[in-house]
Amino acid sequence: MYDINLKNVTKGFGNLQAVNDITFTIPKSSVTVLLGPSGCGKTTLMRMIAGLETPTSGSIFFDDIDVTRVPTKRRNLGMVFQYPVIYRGTSVKRNLELPLLSEKLSAGEISKRVNDVADLLGISGDLNKMVEELDNGTRQKIAVGRAIARQPQIILFDEPITNIDITAKLELKRSLKEVFSRLSQTIVYVTHDQTEAMTLADQIALMQDGVITQCAPPKEIYEKPKSQFAGWFLGNPGINFIEKEHISVAGSGINSSLFSQTIDAGSHASQVKVLGVRAEAIEVKTTQSPEARSARVVRKSLGIGGQYLLDLEYGSLKVKARVAHQLGREIGDQVWTTITSSDVIMFNEAGVAI
Amino acid sequence: MSEKVEKFESKIKSTSTARANKRMSWLLLAPVLIFFAMMNILPTIWMLGLSFYNYTLTSANGATYAGLSNYFDFVKNEQLSQSVSRTFLFLIIAIICQTFLGILIGVLFWKNDKMPGKRLALTLLFTPMVVTPIATALFWKLILDPTFGVMNYFLTSLGLSKVDFLTSSSLAFPTLIVVDTWMWTPFMALMTLAALGSVPKAELEAASVDKLPIYRQVTTVIWPHAKFILMLGILLRSIDAFKTMDLTYIMTNGGPGDRTELIALSLYRFAFKSFKLGYASAVSVFLLFIAIALTAIYLHVLNARKKAEAQA
């Protein structure tokens, strides 16, 4: 399998710089998710890896082979598109066979691969159906099947779940998870959906304005965002930001109306401009204790999974806290909160984590 | 009680508004419907009736009922049957050439998406299609003129002998096909471009990722999408080519002999040279049936496309 090495890759469309000088390695035999909001350049980056777009400047290597100008057909990769692509007027079986026909495989091998892939994706019963008869979810499974049946070195997924209806979406996501666990290929998956990214990725490459701002395993990127953007984009709700007017720096310590204790920032204290705290890191209690801070509930939102969100007010500072359903507090009630120092993330003026 | 009355009154009101709306829509449609009836339906019925009569404008006798004799005459008339088969031959050869060249040009433009000056080239390419056929016929007649034409000037400059394209019995018919092809190939190129434009980009990209060879790309990706628009193009051209008259009338006037006499020109002669209106009407009815048959196929293709789209 190949590593994908991007060296100073840039792509512009007229005045728009879609991908801006990216140097990055996508490790072999892993699932890397390119995650970011619409227009951040993730699809353009994937299309350049596929050879469907040519970089304005920079190079793309599969291991140490320069493929920047190599046409798609010769890159030995599979790709699943956002729009479920099927070859019309043919059966599911024929759809899965078509990419294998140019691989010069024996009829037995083709048939084996088609059956294996159909088993893996749970579409064995549909093999003889015409593709037009199937719903979008199954069509997308066929597209996934086509991409993996050829056993290419690299498989690319361009938001494959986006255009699928909600029930088929879950089923398809489950199938993909299963498929990814079995494959040893280098997989690149583009999405704007953080849940998909968190579920499927070995590592998430977070993109913003044409650059990769952070690349780390899902847990790490969630717990230790390297930028305010990463903290805001990942998580629902995004991280709480405590702006500089609500914090005070004294030597190496940082205080805020949110904390009862002083947070030690060491030698970086003077650089700290914003603090970040996840909603679930705020422990909310209904009884007073010496180490807790008092807050008032100003909004209560319905949550899922036995939890809901509270908007808490500490004087002029407002934050969101995720609490268990049993807490039973209502708007206007008083609560007491504590936060562990290690759960506080510090950002400098440029929004970069310290 | 008063509530009931109010309800009843509002019902009457809404019914009368609906009636007024309906009347208004008929009123607005009336000019078009009257025009359509006067210019299309009545003449067609008139023609149908006339086809059962012997009626010659230059004859002192009025119209006499002739039953199906005009139709029998038409079937028996060898010259006319030749004219019909010549028209079909013209239609088939011209459309094959136009479709082939149109697809070729369309694909070239489609493939070379970033060709500099593409827009200008496309505009120039489509010029023949927008010129009035009469004008096209006239300037081709001048180009091909044995004495003054530029074509013969070039031929003689190359040391070749002069060719009389339009009066040569072997060349007149092919020349007519060439000029028709010159005029209508851009239309088929346009239809090809539209047809290729209807193929989803993702499917083409998937085919190239899946390493499908070009013939498989054509059969499994391009053709299923492009076939409808291409077939519509061919059908529209067929309906139009069947009625070709302006080219032959100006360029050859059916000659030499009857070598380029197409059915529309024959019809014109019967109606407006010999003034045999009854007979000409019978021929027109025949042409009408062919046009209806072609239109039926056209509608069938349109419906098939709608069905396929609904399935997708």
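The values are calculated or read from the model by the stated rules, or taken from the named source; none is laboratory data. Every value quoted in this text rests on a predicted model; they were computed, and no experiment measured them. All Cβ positions, glycine included, derive from the backbone under ideal geometry; neighbour counts span all protein chains shown. The area values use the complete protein model at the heavy-atom level, side chains included, leaving out ligands, DNA and RNA. Shrake-Rupley method; radii C 1.70, N 1.55, O 1.52, S 1.80 Å.
In this label model, A:Q307 and B:L160 are separated by 8.4 nm, measuring between points 7 Å along each Cα→Cβ vector.
In the context of the full set of protein chains, residues of the stretch A:130-283 present 39 Å² of accessible surface per residue (probe radius 1.4 Å, heavy atoms only). Straight-line cross-link partners of A:K320 among the lysines, defined as a Cα under 28 Å from its Cα and at least 8 positions apart when in the same chain: A:K219, A:K224, A:K226, A:K244, A:K273, A:K285, A:K300. The distance from the alpha carbon centre of the stretch B:1-80 to that of the stretch B:199-270 is 33 Å, rounded to a whole number. Taking a straight line from the alpha carbon of A:K73, these aspartates and glutamates sit under 15 Å away, with near neighbours fewer than eight places off in the same chain left out: A:E53, A:E103, B:E203, B:E205, B:D210.
Taking every protein chain into account, the 1.4 Å probe leaves B:K306 with about 130 Å² of accessible area, to the nearest ten.
With a Förster radius of 35 Å applied to the C-beta separation of A:K300 and A:T262, the computed FRET efficiency comes to 0.70. Note on the stretch A:1-134: the C-alpha convex hull projects to 10.1 nm² when averaged across all orientations. Rounded to whole numbers, the Karplus 3J(HN,Hα) couplings from phi for the stretch A:33-48 are 9, 8, 10, x, x, 4, x, 8, x, 5, 5, 4, 4, 5, 5, 6 Hz, using 6.51 cos²θ - 1.76 cosθ + 1.60 with θ = phi - 60°, and x at Gly and Pro.
By the helix-only formula, in which each DSSP H run with n ≥ 4 contributes -39500 (n - 2.57) and the sum is divided by residues, chain B has a 222 nm mean residue ellipticity of -23500 deg cm²/dmol.
Specify whether the C-alpha gyration tensor of the stretch B:23-89 places it in the rounded, prolate or oblate class, a ≥ b ≥ c being the square roots of the eigenvalues: rounded for a/c under 1.5, otherwise prolate if a/b is larger than b/c and oblate if not. Because a/c hits 1.5 or more and a/b fails to exceed b/c, the stretch B:23-89 counts as oblate. Note on the stretch B:159-286: lysine pairs with Cα distance below 30 Å, sequence gap of 8 or more or different chains, count 6.
A straight line joining the Cα centroids of the stretch A:149-167 and the stretch A:95-140 runs 15 Å.
Here the contact order of the stretch A:254-354, divided by its residue count and restricted to Cα pairs under 8 Å and six or more residues apart, works out to 36 percent. Surface composition of the protein assembly as shown: carbon plus sulfur atoms contribute 60% of the solvent-accessible area (1.4 Å probe, protein chains only, all chains present). Placing a pseudo-label 7 Å from each Cα along the Cα-to-Cβ vector at B:I34 and A:L105 gives an inter-label distance of 7.3 nm. With K and R counted +1 and D and E -1, the other residues having a Cβ less than 12 Å from that of A:G210 yield a net charge of 0. Take the accessible area of chain A alone and of chain B alone, subtract that of the pair, and you get about 2000 Å² summed over both chains, using a 1.4 Å probe. Orientation-averaged projection of the stretch B:94-197 equals 7.9 nm² [convex hull of Cα atoms, one quarter of hull surface area]. According to the Kirkwood expression over distinct Cα-Cα pairs, how big is the hydrodynamic radius of the stretch B:70-311, in Å? By the Kirkwood definition, the hydrodynamic radius is 20.3 Å. Per residue, chain A reaches -7000 deg cm²/dmol at 222 nm when only DSSP H runs of four or more residues are counted, each adding -39500 (n - 2.57). Since only A:P84, A:L34, A:S111 are under comparison, the one whose Cα sits farthest along the positive direction of the charge dipole of chain A, derived from C-beta charges on Lys, Arg, Asp and Glu, is A:S111. For A:K129, the lysines whose Cα comes closer than 16 Å to its Cα, not counting residues fewer than 8 places off in the same chain, are A:K93, A:K141. Relative contact order for chain A: 16 percent, from Cα pairs under 8 Å spaced at least 6 residues apart, divided by residue count. Computed from phi, the 3J(HN,Hα) profile of the stretch B:73-80 under the Karplus parametrisation 6.51, -1.76, 1.60 (θ = phi - 60°) reads 4, 5, 5, 6, 5, 5, 4, 6 Hz, with x in place of Gly and Pro. Using C-alpha pairs below 8 Å separated by at least 6 residues, the relative contact order for the stretch B:70-311 is 28 percent.
Applied to the stretch A:290-297, the Karplus parametrisation 6.51 cos²θ - 1.76 cosθ + 1.60 on θ = phi - 60° returns per-residue 3J(HN,Hα) values of x, 8, 9, 9, 8, 9, 10, 7 Hz, with x for Gly and Pro. Using 0.36 nm per residue and subtracting the Cα-Cα separation, the extra length available between A:K73 and A:D209 on full extension is 46.0 nm. Summing charges over neighbours of A:Q271, with a neighbour being any other residue whose Cβ is under 13 Å away from its Cβ, gives +1 when K and R count +1 and D and E count -1.
Go ahead and collect, in residue order, the members of the stretch B:230-257 whose backbone nitrogen is under 15 Å from a label point 7 Å along the Cα-Cβ direction of B:W182. Label zone hits: B:247-248, B:250-252.
Under the classification rounded if a/c is under 1.5, otherwise prolate if a/b is larger than b/c and oblate if not, where does the stretch B:206-312 fall, given a ≥ b ≥ c as square roots of the Cα gyration tensor eigenvalues? Oblate is the answer for the stretch B:206-312, as a/c is 1.5 or above yet b/c matches or exceeds a/b. Spin-label model, A:D64/B:I134: points 7 Å from Cα along the beta carbon direction are separated by 7.7 nm.
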